[in-house]
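Enquirer: Have a look at this one before I ask anything.
The values are calculated or read from the model by the stated rules, or taken from the named source; none is laboratory data. Please read these numbers as outputs of a predicted model, since none were measured by experiment. Methodologically, a virtual Cβ is constructed for each residue, glycine included, from the backbone with ideal geometry; neighbour enumeration extends over all protein chains shown. Please note that ligands, DNA and RNA were not included when accessible areas were found on the heavy atoms of the full protein model with its side chains. Shrake-Rupley method; radii C 1.70, N 1.55, O 1.52, S 1.80 Å.
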Amino acid sequence: MDAIAGATVSSIGFLNAAQKAVAVSKGEMTAEQATDPATPSPFQAADTVASASMNTNTVVRNPSPVVKPIAYHDGFDFDASYDIVVVGSGGAGLSAAVEAARAGLSVFISEKAGVPGGTTNFSGGVMQAAGTDYQKQLTDNQDDTPEKHARMLLDAGSDLVDSVLVKDITKHASENIDWLAEMGIKWQSVYGANHLPLVEDQDLADRIHVYDNGKGGGGQMGDGIVLTQTLLAEAQKAGAVLSLDSPTVALIQDTQKRRIYGVAVDVEGTRQNIEATRGVILATAGIDHNLELAKAFNPQHYADLQRHANRSASTNTGDGLFLGMASDAAVTGMGGVIDLEEKKRPWVRLIKCLRCR
């Protein structure tokens, strides 16, 4: 148990009772010992204790397994060698793996969890794009453009977002829709035009593309699995290798030349050094389960994590960010937004956006 809350003495009592019950079930303690108040709990206390006398905001720990870079040298002993190492098997990592493998490169995907997909699995799987054939077929928006889409996002973000990134994403979004359709994703509906404060109505349009989830409809939480499984199948078809329960814990780097030669991966508890002759792609999602990073880089996000439900994968401990910082990479763009575009309750959608930014 990571945390207990409430009146401290009684909470610790419940925790100790639960821990003793586990010990009895494993044969590590007798029932008589467990029911004796004088017998201490066989396990350590909780990582976090909350009560009227303690402020949980001051109790922050770093759960990431990442360590400092391993120094590369001539004759370094690698356990395996690939052209590309992709760290993380969510939507971004799998997309990179697909393209790299299709280009004829050997690809190794390091996935921290026991299943592929990351936080993308929890998503609805919907995607925004302007000017697609599906948008023209399924909506009344016949003259939408990536430029209008970009203006909408820039205005909604009060010009605090990365304009170059927004324009690049919106410009190529329709290509992504077609790219996924070629893999078998079946786009079946498009929605999303709601009035938003700060956004000109002429820049609004139905742009959220929903694919068939195999159950007659899509877009609900968890439908992202359809997307990640499609990408994974395509990546493996092209020759990519996926290793589960394999967190990347360090980069292998020539610290003088700043060149990355590979990664150190704990494959089911065994350390392996994987060479990446053409490059390492870090695609490890966010910091939703690393309060230390959230507090350091985005206080508003940190406050939100303290107060509201967290629906991202528990593996999101900022590993990619730590790997980058450990190799002296620059840090930028620590904001974020979840754009739900709710049809019937646009103000709920706006509140959620403001909370997550």
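Enquirer: Could you please find all residues in segment 83-108 being over 15 Å from the mean Cα position of the chain (by Cα) and open to solvent by less than 10 Å² (accessible area, probe 1.4 Å)?
Expert: Within segment 83-108, Val85, Ala97, Val98, Ala101, Val107 qualify.
Enquirer: Okay, next question. Give just the number: which of (1) in contact (Cβ under 8 Å) with a residue 12 or more places away in the chain; (2) over 22 Å from Gly222 (Cα atoms); (3) surrounded by fewer than 21 Cβ atoms within 10 Å (Cβ to Cβ) does Val280 not satisfy?
Expert: Val280 satisfies all of (1) in contact (Cβ under 8 Å) with a residue 12 or more places away in the chain; (2) over 22 Å from Gly222 (Cα atoms); (3) surrounded by fewer than 21 Cβ atoms within 10 Å (Cβ to Cβ) except (3).
Rundown of residues vs (1) surrounded by fewer than 21 Cβ atoms within 10 Å (Cβ to Cβ); (2) assigned to a strand (DSSP E or B); (3) at pLDDT below 95, yes/no style:
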{"position": "Asn273", "(1), (2), (3)": "yes, yes, no"}
{"position": "Asp288", "(1), (2), (3)": "no, no, yes"}
{"position": "Ala329", "(1), (2), (3)": "yes, no, yes"}
{"position": "Gly336", "(1), (2), (3)": "yes, no, yes"}
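Enquirer: Looking only at segment 169-199, count how many residues are part of a loop (DSSP other than H, G, I, E, B) and over 23 Å from the mean Cα position of the chain (by Cα).
Expert: First pass over segment 169-199, keeping only residues part of a loop (DSSP other than H, G, I, E, B): 183-186, 192-199.
Now drop any that are not over 23 Å from the mean Cα position of the chain (by Cα), which leaves 184, 186, 192-199.
Residues meeting the conditions: 10.
Enquirer: Inside segment 146-168, can you point out the residues that are assigned to a loop (DSSP other than H, G, I, E, B) and surrounded by 15 or more Cβ atoms within 10 Å (Cβ to Cβ)? Break it down into steps so the answer makes sense when it comes.
Expert: Filtering segment 146-168 for residues assigned to a loop (DSSP other than H, G, I, E, B) gives 157-162.
Across segment 146-168, the qualifying residues are Gly157, Val161.
Enquirer: Only one of (1) open to solvent by less than 50 Å² (accessible area, probe 1.4 Å); (2) touching a strand residue (DSSP E or B) at 6+ places or on another chain (Cβ under 8 Å); (3) without any contact (Cβ under 8 Å) to a residue 60 or more places away in the chain is not met by His301, so which one is it?
Expert: The one condition His301 does not meet is (2).
Enquirer: Another question, then. What tally of residues in segment 195-231 results from selecting those that are touching a Ser or Thr at 6+ places or on another chain (Cβ under 7 Å), among the charged types (D, E, K, R) and open to solvent by 70 Å² or more (accessible area, probe 1.4 Å)?
Expert: 0
Enquirer: Let me ask another. Mind checking whether some residue in segment 122-131 is touching an Asp or Glu at 6+ places or on another chain (Cβ under 9 Å) and under 30 Å from Leu251 (Cα atoms)? Spell out how you get there, then give the answer.
Expert: Start the filter on segment 122-131 by keeping residues that are touching an Asp or Glu at 6+ places or on another chain (Cβ under 9 Å), which leaves 123-126, 128-131.
If we keep only those that are under 30 Å from Leu251 (Cα atoms) as well, we get 123.
The answer is yes, given that some residue of segment 122-131 is touching an Asp or Glu at 6+ places or on another chain (Cβ under 9 Å) and under 30 Å from Leu251 (Cα atoms).
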